[in-house]
1. Give a quick list of trypsin sites (Lys or Arg not before Pro) in the stretch 182-257 that DSSP marks as loop, anything other than H, G, I, E or B, with at most 14 other Cβ atoms within 10 Å.
2. Do the sum for the chain: with -39,500 (n - 2.57) for every DSSP H run of n ≥ 4, divided by all residues, what is the mean residue ellipticity at 222 nm, to the nearest 500 deg cm²/dmol?
3. Given the options Gln128, Gln239, Gln89, which has the most mean-square fluctuation in a GNM of the chain, springs set between C-alpha atoms less than 10 angstrom apart?
4. Counting Lys and Arg as +1 and Asp and Glu as -1, what is the net charge of the other residues whose Cβ lies under 11 Å from the Cβ of Ala259?
5. What are the ³J(HN,Hα) couplings of the stretch 241-247, residue after residue, when phi is run through the Karplus curve with 6.51, -1.76, 1.60 and θ = phi - 60°? Round to Hz, x for glycine and proline.
6. Specify the residue with the greatest mean-square fluctuation among Asn353, Asn112, Asn53, computed from a Gaussian network of the chain linking alpha-carbon atoms under 10 Å apart.
7. Rounded to the nearest 5, what is the percent of antiparallel bridges among the DSSP beta bridges in the chain?
8. Per residue of the stretch 185-197, what does 6.51 cos²θ - 1.76 cosθ + 1.60 with θ = phi - 60° give for ³J(HN,Hα)? Whole Hz please, x for Gly and Pro, Karplus curve as stated.
Amino acid sequence: MKILLTHIKELVQVREKSIEMLCGDAMKTLPTLENAYLLIEDDLISAYGPMANCPDIEVDQTINLTGKTVLPSWVDSHTHIVYAGNRQQEFVDRINGLSYEEIFNRGGGILNSADKLQNTSEEDLYEQSKVRLEEVMQQGTGAVEIKSGYGLTLESELKMLRVIKKLGANYPVKIKATFLGAHAFPAAYKDNHEAYIDLLIDEMIPTIAREKLADYVDAFLETGYFSVAETERIMQAGQQHGLIAKIHVNQFTAIGGIAVCVKNGALSVDHLEIVTDEDIAVLKNSRTMPVALPTCSYFISIPYTPARKMLDAGLPLALASDFNPGTTPSGNMNFVVATACIKMKMTPEEAINAATINGAYAMGVSEEYGSITVGKKASLIITKPLSSYYEIPYAFASQHIDQVILNGKLI
Ligand code: NIG
Ligand code: FE
């Protein structure tokens, strides 16, 4: 199957060679090609270039994109798309004055979602989750990491991970699964953390690794959740079973978590609403990608990740949605990019690089996603006519996407 896209007004994020990650000043550049063509063969980008060089070949479909912009699909490296029900009541409770922490301390928050998930069948969980996956596909997401972590028992964690696997098998989206059993201590282990850590390390991680249900391991390293030492044990257990760490850290407090994540070779450290100078120094020259989740900050009114400070210090940065029922009930990466520009003072170039190339690094899919490169997956966003790609963050609440192509399939 060959599809030829012609007369593309602007082809964005063109990279002759695949780039692993972009740091600091390099994020300010977003290479584009005006008046371009792009050829898709099966699920791959097989050629692109200026219209003057457009090949005169027989294809199955030609699409004239006069006035329209084409970007690589978004890479969302941090989500919790698989969950049961919603937390709308907590949303209203927060409007009425309760904090996220107060709600958790009353037994709400993550434990509320865990209760709901325990009482939802695997089939129902799949049906609820696929609606959200289909929605983010329409919004231009072509690769997405999905975490477990609302199970908190072996049985329920396995249920979540099987749903994630089934989504990956049924949709033309790249999915990576992360085991987040260390999301919160279940009520039964409130006063016996040691026993829950043992359960995670001795039973859950080995079983999940054996059944090949996860690519990564995560923990909520935070005051009142998992300590630095507990998280380190989980990272090391994961590593022994081939699960690299991607860690929730520095969302509310800075307690030295980033250093221990870097020391243990974490692929990414995510949230980072609170970042110290020491954290920046530790991340510098590491292979760990910092990931900001600006729509979480927006939704629960907490500080935004200090992107300017980090980028000006030469760090890389990725952007992800954090789609989850408690802190970010949206996976719209267009809005994530806009929020990063509006609230974190990232330029459109920096934000788009962060949501494509650097996002791909943060979920280990750089070879296939994140840029317009020959040989990468044909996962593309086709916009409505735009004056420039600046319009995506500028007209932040408008619907700019006309069509989406994922792994060569028109959605
Ligand atoms: O990334 N911070 C930890 N985990 C999620 C929220 C979990 C929840 O409230 O359900 C997050 O924000
Ligand atoms: Fe999260």
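Please treat every number below as a calculation from the coordinates, not as lab data. Worth saying up front: this structure is predicted, and the values here are computed from it rather than measured. Note that we place each Cβ from the backbone using ideal geometry, even for glycine, and neighbour counts take in every protein chain shown.
1. Lys190, Lys212
2. Per the formula, -9500 deg cm²/dmol.
3. Gln89
4. Residues near Ala259 contribute -2 overall.
5. Ordered by residue, 3J(HN,Hα) equals 10, x, 9, 7, 8, 9, 10 Hz.
6. Asn53
7. 45
8. Taking θ as phi minus 60°, the curve returns 7, x, 3, 5, 10, 3, 9, 9, 4, 3, 5, 5, 4 Hz for the stretch 185-197.
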